[in-house]
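Values quoted throughout were computed directly from the atomic coordinates according to the rules given, and no laboratory measurement underlies them. As the structure is a computational prediction, the values presented were derived from the model and not from experiment. When we count neighbours, we look across all protein chains shown, and the Cβ atoms used for this are built from the backbone with ideal geometry, even at glycine.
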Amino acid sequence: MPLLTFEDARPWAKAMRAEVLAGKMPPWSPDPKYGKFSNDLSLAPGEREKIVAWVDGGALEGKPADAPPAKKFPQGWQIPNPDVVFEMPEPFDVRASGAIEYQFIRVPTNFTEDKWVSMAEVRPSNPAVVHHAIVVVDSPEIRGREEYLGGYAPGMLPQIWKPGQARLVRAGSTLTFQMHYSANGKAARDRTKIGLVFARGPVTERIVAMQAMPPGLTIPPGAAHFRVDGIATLRQDAKLVAMRAHAHLRGKSFQFRAVYPNGETEILLDIPKYDFNWQPYYYLETPKALPRGTRIESTAYFDNSSNNTFNPDPTATVFWGPQSWDEMMIGWFDVAVEIGEPVDGKN
């Protein structure tokens, strides 16, 4: 429901009170004891109490003259006008019902020189049928290793890196659009695209996408607290800048840890109640230095029992797969790596 005006919000006052007190809204899952994030949506101290007091006091309207200016939402791209846009070659027809196979659609960049990307935004043309989209780069530098470039999912914002930081897309690279479509009762079409903004000034740090994930998983029927672990090891000094937890409908909790070369362990991100419907990137307020040899460990617990109201089938053995009734466990994280001599972002 819209919440832009008093008239919009007033009928939902009691529901908002309940959701705020339960900690469900705004949707922010991390345990506040671990890490500070620049995109934190949680209420500041005292804000929850103000909302509760307003409802308990009759949910009265304030003075219209004291209202802030009306919120303006961007139309079109949320990033500045992209330097280049890549689009699926043809619209994809989404049928009205039934399961739809995960789609892998390759789009050549035709770049004749390396490009440094400081911003990326993925935009479906029909969000009603796009469950999520991931765009990865298949580089001629390392064939067979795809690196995350951008994505679309509930709660995700465009990737906008700080001055001096950028992702590298090599000349001759190909983009793969990994598309998860969901039928919603009406036949539809979608043609998702990604817009890129190139770095304008010198680039001193390359943003590298990494994954702490298992080689696969098998979750037994009825398992209510099944653990799955993933590990990635840094081969050079780096700074951790962002993390994203990914699982499907049986995901129960998710945690990232750093195990440093001296043996010390630090919790970087802890999501005690994982929510499949809310999978944002978590951007660190202050990047964390990680020396060479640091292990990034991810741990997820899954509930494949009948206690999980979202479980498609608690009697099934669940394997790795792209559909929502399958499962995944991916601890995505981004690190900033110094590139030595500054590089002109325009080349």
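In the range 244-341, what GluC sites (Glu not before Pro) fall in a loop by DSSP, with at most 12 other Cβ atoms inside 10 Å?
In loop regions of the range 244-341 (DSSP not H, G, I, E or B), the sparsely surrounded GluC sites (Glu not before Pro) are Glu264.
Between the range 292-328 and the range 225-280, how far is it from one alpha carbon centroid to the other, in angstrom?
So the separation of the two Cα centres works out to 14 Å.
Report ³J(HN,Hα) in whole Hz for each residue of the range 260-265, in order, from the Karplus equation J = 6.51 cos²θ - 1.76 cosθ + 1.60 where θ = phi - 60°; Gly and Pro get x.
Calculated HN-Hα couplings, in order: 7, x, 7, x, 5, 10 Hz.
Could you list which residues have their amide H under 5 Å from that of Ala171, counting only those 5 or more apart in sequence or on another chain, with H placed in the peptide plane?
Placed amide hydrogens put Asp114, Lys115 under 5 Å from Ala171.
Per DSSP H run of n ≥ 4, the term is -39500 (n - 2.57); total these for the chain, divide by its residue number, and report the mean residue ellipticity at 222 nm rounded to 500 deg cm²/dmol.
-2000 deg cm²/dmol
Name the long-range amide H neighbours of Val203: under 5 Å, sequence gap of 5 or more, or other chain; modelled H, no Pro or chain starts.
Answer set, sorted by chain and number: Val343, Asp344, Gly345.
Can you sort Thr176, Thr233, Thr309, Thr265 so the residue with the fewest Cβ neighbours within 10 Å comes first?
Ascending number of Cβ neighbours within 10 Å: Thr309, Thr265, Thr233, Thr176.
How large is ³J(HN,Hα) for each residue in the range 205-215, as worked out from phi by the Karplus curve 6.51 cos²θ - 1.76 cosθ + 1.60 (θ = phi - 60°), to whole Hz, x for Gly and Pro?
For the range 205-215, the Karplus curve yields 9, 8, 7, 10, 8, 10, 9, 10, 8, x, x Hz.
Using the Karplus equation 6.51 cos²θ - 1.76 cosθ + 1.60 (θ = phi - 60°), what ³J(HN,Hα) coupling, rounded to whole Hz, does each residue of the range 99-112 give in order, writing x for Gly and Pro?
For the range 99-112, the Karplus-derived couplings read 6, 10, 4, 4, 9, 10, 10, 8, 10, x, 7, 6, 5, 9 Hz, x marking Gly and Pro.
For a quick check, take a GNM of the chain with Cα springs below 10 Å and name the residue from Gly98, Gly35, Gly58 with the largest mean-square fluctuation.
Gly58
Have a look at the range 33-112 and give its Rg and Dmax from the Cα atoms, expressed in angstrom.
Rg then Dmax for the range 33-112, in Å: 23.1, 64.
Translational D (Stokes-Einstein, µm²/s) of the chain at 25 °C and 0.890 mPa s when Rh comes from the Kirkwood sum over C-alpha pairs?
Value of D from the Cα-based Kirkwood radius: 110 µm²/s.
Please check: in the Gaussian network model of the chain (C-alpha springs, under 10 Å), which one of Ser97, Ser182, Ser125 has the largest mean-square fluctuation.
Among Ser97, Ser182, Ser125, the largest GNM mean-square fluctuation belongs to Ser97.
Using amide H atoms built 1.01 Å from N in the peptide plane, name the residues 5+ places from Ser125, or on other chains, whose amide H lies under 5 Å from its own.
HN-HN under 5 Å from Ser125: Arg191, Thr192, Lys193.
For the pair Val52 and Glu141, how long in nm is the line joining their label points, each one 7 Å along Cα→Cβ?
Modelled inter-label distance: 5.1 nm.
Any idea what the relative contact order of the chain is, in percent, if you count C-alpha pairs under 8 Å spaced at least 6 apart?
It comes to 21 percent, rounded to a whole number.
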